[in-house]
Amino acid sequence: MISEQPVTSPFLASLNAIILRLPGKLRKPKVGIICGSGLGGLVDALRETVTIPYDTIPGFAQSSVSGHNSSLAFGIIGAGEGVPVVAMLGRFHPYEGHKLSTVVYPVRVIAKLGVTDLIVTNASGALNPDLAVGTIVVIHDHLALPNLTGMNPLLGPLISPEHPRFLAVSDAYSTSLRRLVFHASHELHLDNDVLAEGVYAWVSGPTYESPAEGRFLRNAGADVVGMSTVPEVVAARQEGLNVLALSLVTNAVVIPDKYRSIKEEVRDEIMGKSIELPVSEVVSHEEVLTIGREKGNVMRQLVERVIEMLPHN
Ligand code: HPA
């Protein structure tokens, strides 16, 4: 019989390594922020910042993706006394070779530090043709094929009796936090089309989607697709955190409406007809990072305002 003993982990060592480096007012962050590709500029919203590199925290891995840093930044956001927060500059992805338990480990650690609300940001490709590059999509649901097919972050022994195994994710994305972000956008006088709402498809990557895969995800009901976020959201919900997830559309997923038949093209060529070669479209990581940097400022303003608007308790 498989025993369901609590898993031993270096939680205490991780917590000690963090707490000993923080002044008292930063030791109990209320809000956690995960910075997605090219969105590390969110750290500029912090003051009195203390940065702790991942390689000095037991149990933390290293992010090997360009555009991702590898440290936790603690600081204060907002006017007056402000709100103590912790930002993950750099996250871990299964495609780097990390186990899912490693990917979600920082979320579990920051939950233990006292974080109650988690704001997750990411870069994504648009499946929905109505979503222009640069739009920030407020995620209200996810479509996670890996979760359904044996790559669920909660697979494995129970972490503790307090962590539910059969976790509901129908309410994973907090309605009140989603309301706050639209109010924040209004207060910041942002254009109406800066923010949209949608369903995020999580894929393992690291390949971008083939046209057939993109079409499949779109037909299955997803608006954007990316290679992160869902594992952290699932772990955060298991830890009892409220979650807001914001996805910056950095590119359109290449889904041509019609297949360009090579058979017909060659036939036309043989018959001496002139043929027009289509421009080939591909997605690149550089494109993703560039849009992240360009629009990172809007993301930063929104995150900052949402945190200021959070009810104080
Ligand atoms: N697909 C998957 N992940 C992504 C994309 C994409 O097109 N863009 C940014 N992250």
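With a simple spin-label model that places each label point 7 Å from the Cα along the Cα-to-Cβ direction, the separation between Ala13 and Arg165 comes to 2.8 nm.
Kindly work out what percent of the DSSP beta bridges joining two residues of the chain are antiparallel, to the nearest 5.
35
Placing unit charges on C-beta atoms (Lys and Arg positive, Asp and Glu negative, everything else neutral), compute the dipole magnitude of the stretch 26-309 about its Cα centre in debye, rounded to 20. Present the calculation step by step, with values, prior to reporting the outcome.
Working: 23 positive and 31 negative charges, 170 e Å.
My answer is approximately 820 debye.
Would you calculate, for the chain, the mean residue ellipticity at 222 nm contributed by helices, counting each DSSP H stretch of 4 or more residues as -39,500 (n - 2.57) and dividing by all residues, to the nearest 500? Provide the component values of the computation, followed by the final result.
Working: 8 runs with 92 residues, N = 313.
Result for the chain: -9000 deg cm²/dmol, rounded to the nearest 500.
Between Thr56 and Thr102, full extension at 0.36 nm per residue minus the direct alpha carbon distance yields a gain of 15.0 nm. Of Ser101, Ser124, Ser284, the residue with the greatest mean-square motion in the GNM of the chain, using alpha carbon springs below 10 Å, is Ser284.
Other residues lying with their Cβ under 14 Å from the Cβ of Leu195 contribute a combined charge of -2, Lys and Arg counting +1, Asp and Glu -1. Neighbour counting of Cβ atoms within 10 Å sorts the residues Arg218, Arg179, fewest neighbours leading, into Arg179, Arg218.
Could you list Tyr200, Tyr259, Tyr105 in order of exposure, starting from the residue whose Cβ has the fewest other Cβ atoms within 10 Å?
Numbers: Tyr200 27, Tyr259 8, Tyr105 22.
Ascending Cβ contact count within 10 Å gives the list Tyr259, Tyr105, Tyr200.
Positive end of the dipole of the chain (Cβ unit charges, origin at the Cα centre): among Ser274, Leu154, Tyr95, the Cα lying farthest that way belongs to Leu154.
Compared with the direct C-alpha span, the chain from Arg47 to Ser210 gains 54.4 nm at full extension, assuming 0.36 nm per residue. Within the same chain, lysines fewer than 8 places from Lys30 are excluded, and of the rest, those with a Cα less than 23 Å from its Cα are Lys112.
Extending 7 Å from Cα along the Cβ direction at Arg293 and again at Asp193 yields two label points whose distance is 2.5 nm. Axis angle, to the nearest 10 degrees, between helix 175-187 and the longest C-alpha principal axis of the chain: 80 degrees. Compared with the dominant Cα axis of the chain, that is its longest principal axis, helix 285-309 is turned about 40°.
Since every read-out is calculated from the coordinates, none of them should be taken as a lab result. The model shown is predicted, which means the values in this text are computed figures rather than measured ones. As a convention, Cβ positions derive from the backbone with ideal geometry for all residues, glycine included, and neighbour counts pool all protein chains shown.
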